[in-house]
1. Consider segment 6-49. How many of its residues are at pLDDT 85 or above, farther than 23 Å from Q72 by Cα and either of a type in the set (A, V, I, L, M, F, W, C) or assigned to a strand (DSSP E or B) (or both)?
2. Can you tell me how many residues in segment 50-87 are at pLDDT 90 or above and among the β-branched types (V, I, T)?
3. Could you grab me the full set of residues in segment 118-136 that are without any contact (Cβ under 8 Å) to a residue 12 or more places away in the chain and closer than 20 Å to D159 by Cα?
4. From the list V43, V49, which residue is more than 30 Å from K130 (Cα to Cα), surrounded by fewer than 14 Cβ atoms within 10 Å (Cβ to Cβ), β-branched (V, I, T) and not assigned by TED's automatic domain parsing to the domain that holds I152?
5. Just one of L193, L184 is modelled with pLDDT of 95 or more and not charged (D, E, K, R); which is it?
6. Does I157 fit the bill of being outside any helix (DSSP H, G or I), modelled with pLDDT of 95 or more, closer than 19 Å to P86 by Cβ and out of contact with any Pro (no Cβ under 7 Å at 6 or more places or on another chain)?
7. When segment 118-139 is examined, which residues are found to be more than 16 Å from the chain's Cα centre (by Cα), surrounded by fewer than 20 Cβ atoms within 10 Å (Cβ to Cβ) and not hydrophobic (A, V, I, L, M, F, W, C)?
8. List the helices (runs of 4 or more DSSP H) that sit entirely inside segment 86-152 and contain at least 3 residues that are outside the structural domain of D76 (by TED's automatic domain parsing) and among the small types (G, A, S).
Amino acid sequence: MCQTGNCQVYVGIYVGVITGFEAQKRNKKRVNVYIDGEFSLSVSIDEAVGLRKGQTLSDEDIDALQAQDASQRAVDAAARLLSLRPRSAAEVRQNLTRKGIATPVIDEAIERLTTMGYLDDRAFAEFWVKERNASKPLGTRALRYELRQKGIAGTIIDDVLDDQDETATAVEAARKHLRRVRGLTRSEARKKLTAQLARKGFSPSTTREAIQQIFEEVDAGDEPFFREDTEGKDADRDWTEDR
């Protein structure tokens, strides 16, 4: 490796001299470092600031720089992922693993991101539930499953879902499908809404209560919403009394 005659060996530890720096053509934020006239490693611009031409580096120094750089690369990759939307720590870990990053490096990156506040499973769980309630309302059972799939701890899931008003969420979910049942008979609409809410993870009792509220809302309107059928409102009464 030594070609310039500047390298030295002390007690079996190689010591080389930084002979040059070169900005990478494809990534201007990274710098190639040359030791004894040969390419040795690449580092970020921030890391390169701490180096200088003529500086001596041992093998241990180079290993430390490479480890620091690997950690920073992992943090940068995670930051790009987090810029798209919040993620759980488990999601970030899975993404970095798919990129072939070593487990110890991932562990350090996740620890750094957590310390900096970029990773917070509780905040992520709250974000996920809020977004679901706004765009795609789901029952507590379905939300619990999704959060578990994202690696959120059971204690955090319990705390976040504790204040969830499942009936209000079910009513909102049913409202989003009202136009699809307009003009049907009450019994037909009830069956469709029941099936829809069941698929979204709402319990039978919550589904019944939500649909009853929705029916009361549309009945209060000026124009008939449902087509008359033989069951009529008597069926609604029987249906709600079965709860």
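1. Here the count works out to 4.
2. The total comes to 2.
3. Passing the criteria: D120, K130, E131, A134.
4. Testing whether each residue is more than 30 Å from K130 (Cα to Cα), surrounded by fewer than 14 Cβ atoms within 10 Å (Cβ to Cβ), β-branched (V, I, T) and not assigned by TED's automatic domain parsing to the domain that holds I152 leaves just V49.
5. Going through L193, L184 in turn, just one is modelled with pLDDT of 95 or more and not charged (D, E, K, R): L193.
6. No: the conditions fail for I157.
7. Once the filter is applied, which keeps residues that are more than 16 Å from the chain's Cα centre (by Cα), surrounded by fewer than 20 Cβ atoms within 10 Å (Cβ to Cβ) and not hydrophobic (A, V, I, L, M, F, W, C), segment 118-139 yields N133, S135, K136.
8. 121-135
The values are calculated or read from the model by the stated rules, or taken from the named source; none is laboratory data. On a predicted model such as this, the values are computed, not experimentally measured, just so you know. A quick note on method: Cβ atoms are made from the backbone with ideal geometry, for glycine too, and the neighbour counts reach across all protein chains shown.
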